[in-house]
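Remarks on the structure that follows.
Every read-out reported here was derived from the displayed coordinates using simple, explicitly stated rules and does not represent laboratory data. The structure presented is a predicted model; accordingly, all values stated were derived computationally and were not measured. Note: ideal-geometry Cβ built from the backbone for every residue, glycine included; neighbour counts use all protein chains shown.
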Amino acid sequence: MKSKTLFTCHAAIIAAMYVALALISTAFGMSSGVIQCRLSEALCILPVFTPAAVPGVTVGCLITNLVSGCNWLDIVFGTAATLIGALGTRALRKFRMLAPLPPIVANTLIIPFVLKYAYNVGDALPFIFVTVGAGEIISAGLFGYILMAAVWPIRTKLFGKEQ
C-alpha cells in the first residue's frame, strides 16, 4: 500500500510541477506557436529516476492543454507525444545521456502536424519541424540535462532506491 501511495504522490507532484512550469512558459509567451520552449519539458527527463514520472508528465501535459484552451487535436496528440517521450526516456534510463532524445524526437515528429492542422499555421512543415525541434532541444535537452545533473546526486533522497 505504501509504495502505491508513494508512486501516486510522486506522479501528482510531477504533474503539478509540469502544469506550473508550463503556465509560467505560457505567461511569457514561450509555449505556443511554431517557436515554442516549454520549461516543463525539462521534466521529461524524470522517468530516468522514477516510473511515476511517466504518468506525472503525461497527466501534467494533459491538464496544461485542457486549462490553456488547446484544440482537441493538441490535447490528444500533444499528450500522446509527451507519453511516448516519457516511455522512451524510461526505457533509456540505463543510458541516461540518451534520455532526452525520446521527448525531443516524439515532439519534433508529432507537434508540427498538430500546429499545421489544428491551428492552421501557415508555415511550411519543414520549417515547423526545425523550430519545434529546436525548442525541444533547448527545453527537454539542455534544461533536461541541467535538471538531471541537479537531481542525480540526491536521487535516492527524492525517489528512493534505484528504480
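Taking a ≥ b ≥ c as the square roots of the eigenvalues of the Cα gyration tensor, segment 114-163 is prolate, since a/c reaches 1.5 or more and a/b is larger than b/c.
Over 17 Å apart: what share of the alpha carbon pairs of segment 5-86 falls there, rounded to a whole percent?
The share of Cα pairs beyond 17 Å in segment 5-86 comes to 40 percent.
Test of understanding: in a Gaussian network model of the chain with alpha carbons linked when under 10 Å, which of Ser40, Ser25, Ser68 would top the mean-square fluctuation ranking? Fluctuation is largest for Ser68. Over the Cα atoms of segment 10-161, the radius of gyration divided by the Kirkwood radius equals 0.96; this is the Rg/Rh ratio. In terms of packing, defined here as the mean over residues of other Cβ atoms within 10 angstrom, the peptides 76-85, 120-129 line up highest first as 76-85, 120-129. Averaging the Cα positions of each part gives two centres, and for segment 67-102 and segment 106-162 these lie 8 Å apart.
Could you tell me the relative contact order of the chain? Use alpha-carbon pairs under 8 Å, at least six residues apart, and round to a whole percent.
Numbers: 254 pairs, mean separation 43.9, N = 163.
Taking the mean separation of contacting Cα pairs over the length of the chain, I get 27 percent.
Can you spot the lysines whose alpha carbon is less than 19 Å from Lys4's alpha carbon? Ignore those fewer than 8 places along the same chain. Excluding near neighbours in sequence, the set is Lys157, Lys161.
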